[in-house]
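Please read the structure below before turning to the comments.
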């Protein structure tokens with residue numbers, strides 16, 4: 001019942017439509033019983049009274065047609081109302097889920113996997129539609145109508161009522177066994193489904209790497225294994241369920257299974273009148289369809305409960321610590337105060353303190369895994385720090401709303417992402433209200449304009465799925481254009497020029513230098529030549545801040561920086577010697 005309560009809580013804004021749907025479908029079920037009552041009167045008049053006239057037949061025929069029409073019409077209207085309420089509720093749930101994800105630590109999202117979130121966001125929430133659009137508006141009338149019918153049958157003849165209930169009892173035993181079997185296998189089935197979803201997404205996303213390194217066999221085997229595992233649990237569940245489904249499917253709607261033969265004996269013995277017998281038969285027959293439809297919803301109950309629990313786990317996830325005090329920073333100095341951060345139990349940032357003043361360039365360098373990108377992600381509040389605090393203009397970022405913080409910061413990651421939309425709209429994401437002229441101006445600063453204009457439809461060209469119509473360097477420059485258009489006071493470039501071709505690197509650096517007037521620029525780079533002129537350079541090693549200073553100071557005093565610089569200089573002259581090439 002907890003699953004029902006949760007779903008009803010999500011649908012509370014649309015309960016009026018749910019009530020309307022319930023009453024319309026209830027009247028539809030009652031209208032469906034009407035033809036059986038008319039048939040009962042016809043049989044009695046034909047057998048006992050012999051008073052049937054052509055006019056009466058036409059009237060009763062019209063009544064049957066009207067009853068069937070009203071049954072269909074009311075059912076259609078009821079389902080229309082229930083579906084409107086259901087899809088409005090799904091929209092609200094997805095909006096709430098998306099909002100919740102923006103408040104969760106990014107590490108929790110990575111840990112659970114995109115496949116799992118896709119399943120919840122698309123598939124699991126979609127299954128709530130079955131309950132709202134069908135189970136509640138149809139299920140309750142399908143329960144009430146048989147209760148009313150059986151009250152009438154018990155009043156007419158309690159023996160016939162019990163005979164009619166006997167087939168239902170056998171059918172319900174099969175339904176109970178079906179649900180018990182499902183509960184045993186459901187967890188294994190959904191675990192296999194989640195694993196298959198994640199594997200499929202990983203397989204498709206990594207297709208380029210798989211082909212380049214000829215890992216098709218191993219990767220495909222891993223993919224096939226997850227699909228086969230899902231197939232195994234699916235078939236095991238189905239094989240055990242088919243027998244029970246066959247029993248209730250054939251016995252449950254046959255409400256006259258015992259009523260007809262035993263009732264005939266009563267009639268022959270003279271303990272039952274023909275009119276009562278016919279009335280009970282027809283009334284019982286009218287319940288077959290509601291019973292079958294009702295039982296179709298039974299196995300859905302534990303499934304829905306499982307899906308709602310998965311959804312609730314996300315909704316109950318611990319959010320980032322935000323206590324918005326509505327204070328605007330007086331300046332845009334970024335400061336880390338003894339910041340320590342850990343992925344679960346492993347500390348990756350250890351008591352780091354530094355200041356990145358506004359109107360300056362602060363660079364962060366270090367070997368891979370030293371914590372450079374983690375510092376940037378902590379600043380945009382993708383995670384909560386374990387100890388210490390991060391401030392902008394003296395205000396703790398935990399006291400700034402996520403929306404306001406994102407307005408303060410432009411974050412250009414090394415992991416570029418473009419939407420399946422025009423290049424104009426992809427850049428405009430930085431500031432949705434920007435004019436076309438402003439978008440084009442930002443593209444020119446990011447050195448995008450020339451290659452965009454060479455494309456078939458210019459700025460109207462669709463970037464493709466994940467920007468697959470553009471090269472890595474072109475995508476990176478598009479994301480830089482977004483940041484320029486956004487014009488935030490704090491800018492983070494996390495390896496943002498990693499895929500930029502040498503021809504345009506100097507131009508982009510010049511554009512970025514023009515961009516920082518009165519702002520705070522934090523650059524994370526492997527190419528040390530791009531940050532030689534930075535006002536302050538932080539050298540990170542294994543999560544610790546070893547030293548900070550200018551390029552010249554660090555070359556003179558920091559051995560780690562000297563090693564990084566030497567490696568960088570060697571990489572500039574790096575080449576591949578081809579066998580037989582004497583000039584390599």
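One table, with the values for the structure above:
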read-out: Residues within region 398-436 that are farther than 19 Å from residue 480 by Cβ and assigned to a loop (DSSP other than H, G, I, E, B), tallied; value: 5
read-out: Residue match in region 371-384 (condition: in contact with a helix residue (DSSP H, G or I) (Cβ under 8 Å, 6 or more places away or on another chain) and within 14 Å of residue 541 (Cα to Cα)); value: no
read-out: Pick from region 464-474, criterion crowded, with 20+ Cβ neighbours inside 10 Å and at pLDDT 80 or above, ranking: farthest from the chain's Cα centre (by Cα); value: 474
read-out: Options 356, 280, 363: the member that is in the same structural domain as residue 169 (by TED's automatic domain parsing) and crowded, with 18+ Cβ neighbours inside 10 Å; value: 280
read-out: Candidate set from region 486-529 (those that are in contact with a strand residue (DSSP E or B) (Cβ under 9 Å, 6 or more places away or on another chain) and part of a helix (DSSP H, G or I)); member that is modelled with the highest pLDDT; value: 486
read-out: Residue in region 446-455 that is more than 24 Å from the chain's Cα centre (by Cα), within 30 Å of residue 342 (Cα to Cα), in contact (Cβ under 8 Å) with a residue 12 or more places away in the chain and assigned to a loop (DSSP other than H, G, I, E, B) present; value: no
read-out: Check on residue 272, over 30 Å from residue 189 (Cα atoms), free of Cβ contacts under 8 Å to residues at least 60 places away in the same chain and either under 35 Å from the mean Cα position of the chain (by Cα) or in the same structural domain as residue 94 (by TED's automatic domain parsing) (or both); value: no
read-out: Region 535-563, residues that are touching a helix residue (DSSP H, G or I) at 6+ places or on another chain (Cβ under 7 Å) and buried (at least 19 other Cβ atoms within 10 Å of the Cβ); value: 537, 539, 540, 554, 561
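The values are calculated or read from the model by the stated rules, or taken from the named source; none is laboratory data. If you're wondering where the values come from, they're calculated on a predicted model, not measured in any experiment. All Cβ positions, even for glycine, are placed from backbone atoms using ideal geometry, and neighbour counts span all protein chains on display.
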